[in-house]
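Peer 1: First the structure, which I've put down as structure tokens, then a few questions once you've had a look.
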Amino acid sequence: MNDDNAIFQKPRSLDELFNAHLANTFECGQVLSLLFSNLDTPDAYIAKVKSLEENGDRLTAEAYSSLELLTHSEFIHLTEQLVKRLDDIVDGMNNTARLIDICIPRKIEDAAQEILSTLMSMIARFQVEVARYPGNELADVRECRETLKRWEESADVTYHEWRKTQRRINMLPLIDEANWTEILGILEQTTDAAYHAALLLERMARFGLRQ
């Protein structure tokens, strides 16, 4: 093996992989937003979301491989959970696009736009904190986690209020209501994954202080 191949195959560090994962996920969210705005020509956007989700899977696998470089079992466990949550976020976006492909809605519900916007804000804020890894200050990570918690709760309220309105006013046909209940539910669960990723990063920061 020559030197060039050795350099090419050198494993990336966890901080590089975390940042790459979130950048990929943010791009996925941008494409999902474009899908929301272009329901008449969805195929290219659905395919792009799927491609980005597959890239997220590759980054997840690479991150799991990098865990072999760690030595503390508790820290490895926390990092494994964080990697899984990062993968859950991009999976949630892809599952949203796949459901739209199946349901073929005529228009996007405002609640979906609102939850996706909240999710994108959560990812952008988390990117800022992950960019500091592994030198995170506990106070900064705590503030990030608290911010994401507020946004996650906001997404939950949006979803709850949408369902309450549908049941009380019956604005959509039953099949459309069922479809959007599933789509919005996945988006809301994806905000949960983003919040739990921040929670895990805070736990990792606390672990670092004990070493």
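The values are calculated or read from the model by the stated rules, or taken from the named source; none is laboratory data. Fair warning: this is a prediction, and the values are worked out from it, not measured in the lab. Every residue, glycine among them, receives a Cβ derived from its backbone with ideal geometry; neighbour counts consider all protein chains shown.
Every residue, every condition in (1) under 18 Å from residue 94 (Cβ atoms); (2) in contact with a Leu (Cβ under 6 Å, 6 or more places away or on another chain); (3) at pLDDT below 95, yes or no:
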{"site": "158", "(1), (2), (3)": "no, no, no"}
{"site": "161", "(1), (2), (3)": "no, no, no"}
{"site": "171", "(1), (2), (3)": "no, no, yes"}
{"site": "185", "(1), (2), (3)": "yes, no, no"}
{"site": "189", "(1), (2), (3)": "yes, no, no"}
{"site": "192", "(1), (2), (3)": "yes, no, no"}
{"site": "207", "(1), (2), (3)": "no, no, yes"}
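Peer 1: If I filter segment 15-74 down to residues being assigned to a loop (DSSP other than H, G, I, E, B) and not polar (S, T, N, Q), which single residue comes out as farthest from residue 100 (Cα to Cα)?
Peer 2: Across segment 15-74, the extreme among qualifying residues is 72.
Peer 1: Can I ask one more? Can you find a residue in segment 192-208 that is touching a Phe, Trp or Tyr at 6+ places or on another chain (Cβ under 8 Å), of a type in the set (Lys, Arg) and either surrounded by 15 or more Cβ atoms within 10 Å (Cβ to Cβ) or not in a helix (DSSP H, G or I) (or both)?
Peer 2: no
Peer 1: If you go through segment 113-126 one residue at a time, do you hit one that is within 20 Å of residue 77 (Cα to Cα), small (Gly, Ala, Ser) and in a helix (DSSP H, G or I)?
Peer 2: no
Peer 1: Sticking with this one: From the list 123, 183, 108, 100, exactly one residue is under 25 Å from residue 17 (Cα atoms), surrounded by 15 or more Cβ atoms within 10 Å (Cβ to Cβ) and of a type in the set (A, V, I, L, M). Which is it?
Peer 2: 123
Peer 1: If you don't mind, another one. Working carefully through the options 57, 15, find the one that is acidic (Asp, Glu), surrounded by fewer than 21 Cβ atoms within 10 Å (Cβ to Cβ) and out of contact with any Asp or Glu (no Cβ under 8 Å at 6 or more places or on another chain).
Peer 2: Checking each option against the conditions leaves just 15.
Peer 1: Tell me the residue from 32, 67, 86 that is over 20 Å from residue 179 (Cα atoms) and surrounded by 19 or more Cβ atoms within 10 Å (Cβ to Cβ), please. Spell out how you get there, then give the answer.
Peer 2: Working: 32 fails: over 20 Å from residue 179 (Cα atoms); 67 fails: surrounded by 19 or more Cβ atoms within 10 Å (Cβ to Cβ).
Within the list 32, 67, 86, the selection yields 86.
Peer 1: Can you find a residue in segment 80-93 that is more than 18 Å from residue 193 (Cβ to Cβ), at pLDDT 95 or above and polar (S, T, N, Q)?
Peer 2: The answer is no, given that none of the residues of segment 80-93 is more than 18 Å from residue 193 (Cβ to Cβ), at pLDDT 95 or above and polar (S, T, N, Q).
Peer 1: When you look at residue 148, is it part of a helix (DSSP H, G or I), touching a Lys or Arg at 6+ places or on another chain (Cβ under 7 Å) and surrounded by 12 or more Cβ atoms within 10 Å (Cβ to Cβ), yes or no?
Peer 2: yes
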